[in-house]
Amino acid sequence: MLFKRPSDDILYEALVARDAAYEGFAWAAVKTTGIFCRLTCPARKPKRGNTTFYGTIAECLEAGFRPCSRCRPMLKLGETDPMVTRLLNALDADPHRRWSEDDVGSLGVDPSTARRAFKRQFGMSFLEIARLRRMGKAAEILTSGASVIDAQLDAGYESGSGFRSAMTKLFGAAPANLRDKTLLRADWIETPIGPMMAIADQHALHLLEFAERKALPAEIRKLQKFTGSGIIMGRHPPIDEIEEELKAYFAGEDRGFRTRLAGHGSPFQRQVWEALRAIPVGVSRTYGSIAAELGLPSSTRAVAGANGANQIAIVIPCHRVLGADGSLTGYGGGLWRKRWLIEHERRMAVRKVSDG
């Protein structure tokens, strides 16, 4: 890649300094307000812990953030397309409308021209942007305890079935379910070996995976199906808890992990995961030895399968499991990370012994 996105810490420094050199490479999303801004936004700067950075405007919108009304991040600096500006102004004035191509045409804009312009600038059409704005607002209304019909009408849907279908597609749950339960929240946690995504409810951690894991999208869909919940960007207490524990872990402190984990998996998988958590820091096991410890010596492949199904990386330390010959075996976060974690924990164990 010719351009590698700077770290979030560098981007935050650019945000505070309003450094135009980074303009267009990333956008800052503020979890406490639900808005996203350009890095040169003149508004009061959010705290670092409340700020997430995205590489595209589409990612900001898909994560449920709305554009800042002050810095207008959806308008290109220096080369604003009057047609795009007109449509975005209309959307800001009426974000709850269920926009259609006829509405676009009524503003004197050819729908196909608008579609191409928005796709080129944002990676999605104007109507897709309008839908995300509308549905994000509807989710907020539902989770605050409002009735489904109120949220439906507020989102601009006359048809109940159409509203239910749109909400289910976007958030992974039917409107009635969103009303009755809190949405799962997801956020990024920076680590020395790459960002991790954490997903939690108010009481427990449901997922902790490296962002580069190829199976992450499938795991998120599986989680949505299993819990019947949607997932939006933000934080619940378990994410803050696991972030602090990970900081200690990567600093070389063997404190263990006490963040409560959600009870996913089959009884056998949970049995294997508990066995993994019982492996001391600095120690490795093989699939066969774990199967033997469980009294199931012929279940080596099943143990390997349970190991691969783990979706709480590091905390459930599947990286401590090696092949029968002592070689590194597959690891969803990449073999280089597995090697790094094993070596990091070896140093932790040595330090613990020397400290007595």
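Every read-out reported here was derived from the displayed coordinates using simple, explicitly stated rules and does not represent laboratory data. Model, not experiment: these values are computed from the prediction. With ideal geometry, Cβ positions are generated from the backbone for all residues, glycine too; neighbour counts draw on all protein chains shown.
For this structure, a couple of remarks:
- With the Kirkwood sum run over all distinct C-alpha pairs, the range 182-356 has a hydrodynamic radius of 16.7 Å.
- FRET efficiency, 1/(1 + (r/R0)^6) with R0 56 Å, evaluated for S106 and L335 via beta carbons: 0.50
- Stretched out straight at 0.36 nm per residue, the stretch from A204 to A218 would grow longer than its current Cα-Cα span by 3.0 nm.
- Spin-label model distance (nm) - K45 vs E23, 7 Å beyond Cα toward Cβ: 1.8 nm
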